[in-house]
Amino acid sequence: WQSIRPILFPVFLLLLAVTFILAFAYIGYTRSLRDSLEILESRNNLRYRLFHDILTDLPNRQALMQFLHDEKDGSIQSIVSIDLNDFGDINDSYGHDCGDYVLKEIGRRLSEIDSKLLVRSAGDEFILVLGERVEPESALLAQIMNVFAEKVAFGDSVLDIEASYGVANWDESMDESSIVQCVDLAIRNAKVVGGGDSVFFYDEQMKRDMERKLEITDYLKLAIAEESPVVLFQPQVNTYDKSVYGYEALVRLKDNAYFPDQFIPVAEAAGLVSSIDRIVTKKVIQQQAAWRAEGREMKVVSINYSAAQLRDETYCDFVESLLREYDVEPRYLKIEITESMMLENEGLAEELFSRLEQMGISLALDDFGTGYSSLYRMATTPAEYVKLDKSLVDTYMVPGKEDFIDHLTQLIHGIDKKIIVEGVETAEQYAICKRMGCDIIQGYFFARPLPSAEAGAFDPKTVA
């Protein structure tokens, strides 16, 4: 004892130190293991969330792309995209809680369909990946559409939900990206071309049409940047004395790269109409100043204004600044509007009318007779002129049907508005317009849209 006594305390301390070291090592190991498990769980949760929609817990678009990439056995036959119609109105009218419930309920119903994968790919869009080829008359398509036959009840509200459908059938030339692009194109056509609540199957013509639209869009963007759109002027002629009342400004692309019926719908869809209209407005006012400098008599020039331009809140300021810059009086400018424009956003339309009236710019109600116009709208619109559409001319300015134009002329004059008839192409139509008391006529009988130099020198009296 006496011999080992001196080393007992150091040995004890050593053992105690080793114990502490082992204890701390164990604690560190267990903590590290727990942290690793938590990290692994967190990674798994993150991965799950990365590939799943938070609201419905369905796979999302990223999961769709991964699934399509992994499925190489040819078992996928069709992809169907389902887009809820007017879903934003549900959120606005019933609240987002109702909208969320509708999405979850539609997701639940779609999950009962036998599919390889159900995806919520966007806010109000679902995609079904199917192992069966879908055709227009197939029972599977009817089953999908039947999901919306039953109304959705939320609280005291019962909602009738409708949808549009796009279908893309797989072929050997497709990969995961191309088939998704195809079904996206199909659903876009169902919404835009079909007007909703319709089924569109992808075909190669859709692809060609889309490529054409992209081509025109790129051309328009370049044309806008260069301010290269061309303005032609179609004379408007006073009916009784064959004098020039004014002109309608019509936009064309340089070298007629695309015709108006090709590029104007694309410009509207791409949100480029306001930019094009500003270029037209600027060139019209510049041309009026140029005609004045040439010693020509100033005439009214009409500019078309579409519903898409109502969002251009500074357009009137833009026009006002141009009129000041080129010293052109507002009375030589007329804005042509359509009733459809007023129906889309009555509040903005009224603001525009009020501002134009304050500026001294007159209005014309365009396209009267195309199906939108009503007598009430015609009477209440602050337009001094009503333009009868070419469809009325073609239909009623023929022997035996002139009475309709006669009654319409009396009605329009009765509410203190003047009449412009467009699309007059024959001497007989001109004679009817004159006999019925129409004020101004426009059309190929007198002149097609002309370049500014020809328009300024045009004399209607030379027309037989």
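The values are calculated or read from the model by the stated rules, or taken from the named source; none is laboratory data. These figures come from a predicted structure and were not determined experimentally. Every residue, glycine among them, receives a Cβ derived from its backbone with ideal geometry; neighbour counts consider all protein chains shown. With ligands, DNA and RNA removed, areas are computed over all heavy atoms of the protein, side chains included. Shrake-Rupley method; radii C 1.70, N 1.55, O 1.52, S 1.80 Å.
Listed by first and then second residue, the pairs with beta-carbon distance under 6 Å, at least 6 apart or on different chains, first residue in region 440-464 and modelled with pLDDT of 95 or more, second in a helix (DSSP H, G or I) and open to solvent by 30 Å² or more (accessible area, probe 1.4 Å), form an empty list.
Looking only at residues that are aliphatic (A, V, I, L, M) and over 25 Å from the mean Cα position of the chain (by Cα) in region 343-363, which one is nearest to residue 388 (Cα to Cα)?
Of everything passing the filter in region 343-363, 363 is nearest to residue 388 (Cα to Cα).
Residue under question is residue 161, and the condition is that it be modelled with pLDDT of 90 or more, within 30 Å of residue 272 (Cβ to Cβ) and of a type in the set (Val, Ile, Thr); does it hold?
When the stated conditions are applied, residue 161 does not pass them.
Looking only at region 232-271, residues that are of a type in the set (A, V, I, L, M, F, W, C), open to solvent by less than 20 Å² (accessible area, probe 1.4 Å) and assigned to a loop (DSSP other than H, G, I, E, B) come to 1 in all.
The rows are residues; the columns are (1) at pLDDT 90 or above; (2) closer than 18 Å to residue 303 by Cα.
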| position | (1), (2) |
| --- | --- |
| 192 | no, no |
| 200 | yes, no |
| 210 | no, no |
| 224 | yes, yes |
| 227 | yes, yes |
| 233 | yes, yes |
| 244 | yes, yes |
| 258 | yes, no |
| 271 | no, no |
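Residues being touching a residue at least 60 places away in the same chain (Cβ under 8 Å), closer than 22 Å to residue 100 by Cβ and surrounded by 13 or more Cβ atoms within 10 Å (Cβ to Cβ) are entirely absent from region 170-180. Among the conditions (1) among the acidic types (Asp, Glu); (2) under 30 Å from residue 91 (Cα atoms); (3) open to solvent by 30 Å² or more (accessible area, probe 1.4 Å), the only one that residue 125 does not satisfy is (3). Does residue 102 qualify as being surrounded by fewer than 16 Cβ atoms within 10 Å (Cβ to Cβ) and either more than 25 Å from the chain's Cα centre (by Cα) or not in a loop (DSSP other than H, G, I, E, B) (or both)? Here the answer is no, as residue 102 does not meet what is asked. Checking 296, 278 one by one, the residue that is of a type in the set (Lys, Arg), in contact with a Gly (Cβ under 7 Å, 6 or more places away or on another chain) and closer than 25 Å to residue 362 by Cα is 296 and no other. Residues in region 391-417 that are under 23 Å from residue 334 (Cα atoms), open to solvent by 40 Å² or more (accessible area, probe 1.4 Å) and not in a loop (DSSP other than H, G, I, E, B): 391, 411, 413, 414.
You will find that of 42, 93, the residue that is hydroxyl-bearing (Ser, Thr, Tyr), assigned to a helix (DSSP H, G or I), open to solvent by less than 90 Å² (accessible area, probe 1.4 Å) and modelled with pLDDT of 85 or more is 93 and no other.
Taken as a whole, the structure places residue 193 among residues that are more than 24 Å from residue 425 (Cβ to Cβ) and surrounded by fewer than 17 Cβ atoms within 10 Å (Cβ to Cβ). Of all residue pairs spaced 6 or more apart or on separate chains, those with beta-carbon atoms under 7 Å, a first member in region 403-419 that is free of Cβ contacts under 8 Å to residues at least 60 places away in the same chain and a second member that is open to solvent by 20 Å² or more (accessible area, probe 1.4 Å) and of a type in the set (Gly, Ala, Ser) are 415/379.
Condition check ((1) of a type in the set (Asp, Glu); (2) touching a residue at least 40 places away in the same chain (Cβ under 8 Å); (3) open to solvent by less than 80 Å² (accessible area, probe 1.4 Å)) across all residues:
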residue: 142; (1), (2), (3): no, no, yes
residue: 149; (1), (2), (3): no, no, yes
residue: 158; (1), (2), (3): no, no, no
residue: 187; (1), (2), (3): no, yes, yes
residue: 211; (1), (2), (3): yes, no, no
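When region 443-464 is filtered for residues that are within 20 Å of residue 289 (Cα to Cα) and in contact with a strand residue (DSSP E or B) (Cβ under 7 Å, 6 or more places away or on another chain), the ones remaining, listed by number, are 449, 450, 451, 452, 455, 458. Return a yes/no flag: does region 55-67 have any residue that is assigned to a loop (DSSP other than H, G, I, E, B), under 27 Å from residue 171 (Cα atoms) and of a type in the set (Lys, Arg). Taking every residue of region 55-67 in turn, none turns out to be assigned to a loop (DSSP other than H, G, I, E, B), under 27 Å from residue 171 (Cα atoms) and of a type in the set (Lys, Arg). When residue 118 is tested against (1) modelled with pLDDT under 90; (2) under 29 Å from the mean Cα position of the chain (by Cα), just one condition goes unmet, and that condition is (1). Note on region 418-442: residues that are in a strand (DSSP E or B) and under 14 Å from residue 248 (Cα atoms) total 6.
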